[in-house]
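The values are calculated or read from the model by the stated rules, or taken from the named source; none is laboratory data. Given the structure is predicted, the values throughout are model-derived calculations rather than measurements. We place every Cβ from the backbone using ideal geometry, glycine too, and count neighbours over all the protein chains shown.
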Amino acid sequence: MLQQVPGRGIGDVVSAMDARLLRMPPERTAQRLFLETYRRTTQAVGKAMEDAQFEDPEWVERWDVVFADLYLSALDLDLAGDSRVPRPWRLAFDAPASLPALRHVLLGINAHINYDLPQALLAVISDDDFADPVLVARRARDHERIDGVLSGRVADEDSELGAVSARSALDRLLQPLNRLSSKRFLREARQKVWHNTIELQRARLIGDDEYAARLAELEVLCAARIADLLAPGQVLLRLAVAGFGVTLPPARQEVRPFSADSSTSPPRAL
């Protein structure tokens with residue numbers, strides 16, 4: 001299971017991203033687009049922390065570091081030609097360079113949120129924490145507050161991508177609807193992430209083998225969703241109907257619930 005690295009913060013994450021951008025091979029334009037987008041988003045999360053938008057900013061920072069490290073590790077493996085790249089990231093990294101910039105960024109967002117985010121949450125929420133309903137509710141609210149940060153970046157990021165990638169007349173016509181779709185699928189995906197985190201935590205209570213099996217199941221589901229994104233057509237409009245996230249089915253083996261309130265839906269953000 002993922003281990004935390006103490007003593008690092010969002011500034012360290014941005015520096016690590018800068019280092020990758022400096023050594024990114026010229027032919028890796030698609031990967032650079034996602035990394036630049038992610039760097040700006042990370043800075044926005046840091047600004048939200050400074051503006052006291054979270055109940056537990058220290059926890060959010062620890063979580064953000066672990067979350068980013070999962071992507072950076074996958075990127076480093078890919079750049080080194082290592083076969084151990086997780087399947088969702090393998091599909092995202094291997095996507096044709098000819099795809100529009102927006103499609104490449106969506107592939108990265110999908111792999112990172114659906115596959116990496118549940119693992120990152122588990123790394124910073126212990127089993128003892130899950131047994132405390134008040135603490136879990138606070139973590140869930142901060143989890144949802146990230147939606148506000150991401151939604152606030154949609155228009156700016158859309159403009160950034162428009163500056164580096166030509167758009168058809170239809171793309172320009174659909175731009176306002178695409179931005180609304182982006183906000184909707186980010187919210188929907190994060191709700192499913194919380195459900196998947198609970199399912200993985202229940203597996204963790206059983207043991208390492210069960211956890212590994214459930215994580216492998218999530219990896220397959222996430223890879224299938226990446227494959228959906230690689231299909232031709234207006235991807236944002238399609239996702240607005242079909243959804244962006246993936247959902248782990250209930251485990252066959254029952255374990256004790258993580259708290260007195262076993263709901264898998266996070267509380268609404270304040």
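Remarks
- Exclusive hit being under 16 Å from the mean Cα position of the chain (by Cα) and at negative phi, set ARG8, ARG40, ARG28: ARG40
- Residue within the range 84-103 that is among the charged types (D, E, K, R), touching an Asp or Glu at 6+ places or on another chain (Cβ under 8 Å) and more than 23 Å from GLU199 (Cα to Cα) present: yes
- Selection from the range 187-221 of residues that are closer than 21 Å to PHE93 by Cα and at pLDDT below 95: ALA189
This table checks each residue for (1) within 29 Å of LEU99 (Cα to Cα); (2) surrounded by 16 or more Cβ atoms within 10 Å (Cβ to Cβ); (3) of a type in the set (Phe, Trp, Tyr); (4) at pLDDT below 95.
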residue	(1), (2), (3), (4)
PHE34	yes, yes, yes, yes
THR37	yes, yes, no, yes
VAL45	yes, yes, no, yes
GLU50	no, no, no, yes
ASP56	no, no, no, no
ASP69	yes, yes, no, no
LEU72	yes, yes, no, no
ASP76	yes, no, no, no
ASP82	yes, no, no, no
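- Identity of the residue in the range 116-142, hydrophobic (A, V, I, L, M, F, W, C) and not in a helix (DSSP H, G or I), that ends up farthest from VAL85 (Cα to Cα): ALA131
- Helices (runs of 4 or more DSSP H) wholly inside the range 42-115 that include at least 3 residues being farther than 23 Å from GLY148 by Cβ and of a type in the set (D, E, K, R): 57-79
- Condition check for ALA227: closer than 19 Å to GLY108 by Cβ, surrounded by 14 or more Cβ atoms within 10 Å (Cβ to Cβ), modelled with pLDDT of 85 or more and within 19 Å of the chain's Cα centre (by Cα): no
- Qualifying residue in the range 98-114 (condition: under 23 Å from ASP208 (Cβ atoms) and either without any contact (Cβ under 8 Å) to a residue 12 or more places away in the chain or touching a Leu at 6+ places or on another chain (Cβ under 8 Å) (or both)): yes
- Some residue of the range 75-89 being basic (Lys, Arg) and touching a residue at least 60 places away in the same chain (Cβ under 8 Å): yes
- Qualifying residue in the range 167-179 (condition: over 22 Å from HIS104 (Cβ atoms), modelled with pLDDT under 90 and not aliphatic (A, V, I, L, M)): no
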